[in-house]
Amino acid sequence: MIREKLNGNETASTEGAENSLDAGADGQINLSDFMITGRELLSRGGSQQSRKEYEIRQDLVHQRLFFYSIETFSKNKSGPIAEFSYLVADEDLNELEGRSGRFLMALPPDVLPDPVCAAAAGISPSETQRTGLRENEFAEKILSVLPRGAFCRIGWNNVGFTDERIRALLFRTFHDPYLSGLDGYERSRFDLRIFTGTVFTLRPGTINEPQGRNILSLTEVAKANGIEAPFKPRMMLELMRLFKEKLPKMLSFYMGLRTKAAMSEYLKKQSLKWIQIVTAATWDGKLMAIPAMPLGPITGKGPDSGRWLMLSLAGEPSEYILNPSLLEEEAEVQEEELLDTGDSGNDDSASSSGNSEEKGAGAQLPKSYGLENYGLFLLSPNRCPAVAPIATLSEERAKELGVSAQKAQANYQAYRKDWGTSIAAIKLILKKALTERNRLMRDRFRNLPPEERLYEGFIPDSDRELEKELHLVEESSPLEVRDFRFSDERLNGMLFTYIGRNLPETMTDDELAEWKRLCDERVEKLLPEFRKRCGEAIQKFSGNEKAMAILKEFNVER
């Protein structure tokens, strides 16, 4: 019942909103319009339940908003996390009492902290050693604070940063890295940084924008809008409240598209018909709006299955699409379908390298295996992309961003004039791009340690069951953890490190000696980069007393 309600709400949230962010019958759209309600179910329970049982019961009935943030000790996606902080709010953005926290992870003995990351986070490794949890305990703690039932994770750059780090953590601690099917309830996520960049792009002046290059720094955005909060999740909650007050319809529109299913359905309705604006922002403060046409989702079982191929309509049209003879001669297009345009045939395509200006791609596009060199790029519906009808961009703002609706329409007509030729070229380009992508990924994984090979493939179902069993055995008979064997060699390759980091007391003398040797070897490899980053950190944070105090802890001669 709850799942059906959620699916119904999320589907309804996109109806009537295809052509305007300001869609709404009465002009008043509530965030809760797109979330599970059902307070009447609470009345069926008794009043003698414990506080925890009551919280779980509420979580199962309501859609919870889970605001979260991490600080890290590494630039590497598979590197150590230093801190996890969170708070839980209801669908009306009321913080739930007793549902917030912050906890640290102790630095594992086989890694070195990145000095720049540590100084920026304001967390010293010695602090994490005193009060931090072991890596396996840290992962378990994160899983334990997630709401039960349906919830939406809200973070700042959580799509590109936070979730990647947490996923890597869960992978190397033998948990499901995708949290798929937890309790059988729907999960969704919303990236507040992407939404804020979209507001700055489409609705400038609605809230105060920071000055300088850090216009999409959470702390800078909060400061510019008078938001003071002790930790980042509360900053995000206050910012969401501000957006709900200033832009309720726009916030509801994008919250309604936050799931892969909802965004895919929206793109499907627009494909090959309506020109969309895809907004993007870079860390140097540059805001972009790219007029583009959704072509269709990539099909099949590959890692890009479900991603949408987009055709840029900025700048000059790609001669390589208008005139496929310019493309390098290729073998016949495979029969396996790679792109479902829903229009004229379905097959493959490809890409090569080169300067995008030379190939007529037009605007600066997201990196997509070289597709950007031909005016194409990929959009992931599950990564909270900022897509909106081009009509939502005012003429004045379009000029400021260098977007021409007339030019986009002319490019659209040029491509559609001989659509059979255009789509044949696009499929050829896509085929080449994905073939090259697969080759590069195979080569890359071949040289990576197992803990960095998460995206090499999904963990087999049989091994996922074994992982659950491992954690049960770990609680009752930790000595038996070493006896586990998986069909996925990545998991077998991570097991010794897992035991060394989390269960060193169960190791024999020989195993401890091998673990110490391995730690020394790994640290030795990290030392040159560590020393270099120490110098960079001292330069960057020279006027910051707290950061300099943290840097003084580092023994460069280690």
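At what distance in nm do the modelled label points of residue 520 and residue 299 sit from each other, each positioned 7 Å from its Cα along Cα→Cβ?
5.8
Residue by residue through region 103-114, what is 3J(HN,Hα) from phi via Karplus (6.51 cos²θ - 1.76 cosθ + 1.60, θ = phi - 60°)? Round to whole Hz and write x for glycine and proline.
For region 103-114, the Karplus-derived couplings read 8, 10, 10, 5, 5, x, x, 9, 10, 10, x, 7 Hz, x marking Gly and Pro.
What residues qualify as long-range amide H neighbours of residue 189, i.e. H under 5 Å apart, gap of 5 or more or another chain, H built at 1.01 Å from N?
Long-range HN contacts for residue 189: 153.
If I model a spin label at residue 213 and residue 225 as a point 7 Å from the Cα along the Cα→Cβ vector, what separation in nanometres do I get?
2.4
Please work out the Cα center distance from region 409-429 to region 486-511, rounded to the nearest Å.
So the two Cα centres are separated by 54 Å.
Under a cut-off of 23 Å between alpha-carbon atoms, report the lysines in cross-link reach of residue 468, not counting same-chain residues fewer than 8 places apart.
Residue 468 reaches 141.
Quick one: 3J(HN,Hα) in Hz for region 470-485, Karplus 6.51/-1.76/1.60 with θ = phi - 60°, rounded, Gly and Pro as x.
Couplings: 4, 5, 5, 5, 4, 6, 9, 9, x, 5, 7, 4, 5, 7, 6, 9 Hz.
Considering only region 56-173, what is the antiparallel percent among its DSSP beta bridges, to the nearest 5?
Roughly 75 percent of the beta bridges in region 56-173 run antiparallel, per DSSP.
Could you sort 144-154, 510-520 so that the peptide with the highest average Cβ count within 10 Å comes first and the rest follow in order?
Numbers: 144-154: 20.1, 510-520: 13.5.
Going from most to least packed, we get 144-154, 510-520.
Using 0.36 nm per residue of separation minus the Cα-Cα distance, give me the extension gain between residue 472 and residue 94 in nm, one decimal.
Gain on stretching residue 472 to residue 94: 132.5 nm.
For residue 114, list long-range residues whose amide hydrogen, built 1.01 Å from N in the peptide plane, is under 5 Å from its own amide hydrogen.
Correct list: 74.
Using a 1.4 Å probe over the heavy atoms of the protein chains, calculate the carbon and sulfur portion of the accessible area of region 74-231 as a whole percent.
Numbers: 2450 of 5450 Å².
Looking at region 74-231 in its full context, I get 45 percent from C and S.
Please pull out the direction-averaged projected area of region 139-284, using the convex hull of its alpha-carbon atoms, in nm² to one decimal place.
Working: hull surface 41.9 nm².
With every direction weighted equally, the projected area is 10.5 nm².
Can you list residues from other chains, or at least 5 along the same chain, whose modelled amide H is less than 5 Å from the amide H of residue 99?
88
Roughly speaking, what is the stretch gain from residue 489 to residue 465, that is 0.36 nm per residue apart minus the C-alpha to C-alpha distance, in nm to one decimal? Mind showing how you got there, number by number?
Working: separation 24, 0.36 × 24 = 8.64 nm, distance 1.55 nm.
Result: 7.1 nm gained on full extension.
Can you pull a Stokes-Einstein diffusion coefficient for region 432-558 at 10 °C (1.306 mPa s), Rh from Kirkwood over Cα pairs, as a whole number of µm²/s?
Taking Rh from Cα pairs, D becomes 87 µm²/s.
The values are calculated or read from the model by the stated rules, or taken from the named source; none is laboratory data. Because the structure is a prediction, the values reported are computed rather than measured. A quick note on method: Cβ atoms are made from the backbone with ideal geometry, for glycine too, and the neighbour counts reach across all protein chains shown. For accessibility, only protein heavy atoms count, side chains too; no ligands or nucleic acids. Shrake-Rupley method; radii C 1.70, N 1.55, O 1.52, S 1.80 Å.
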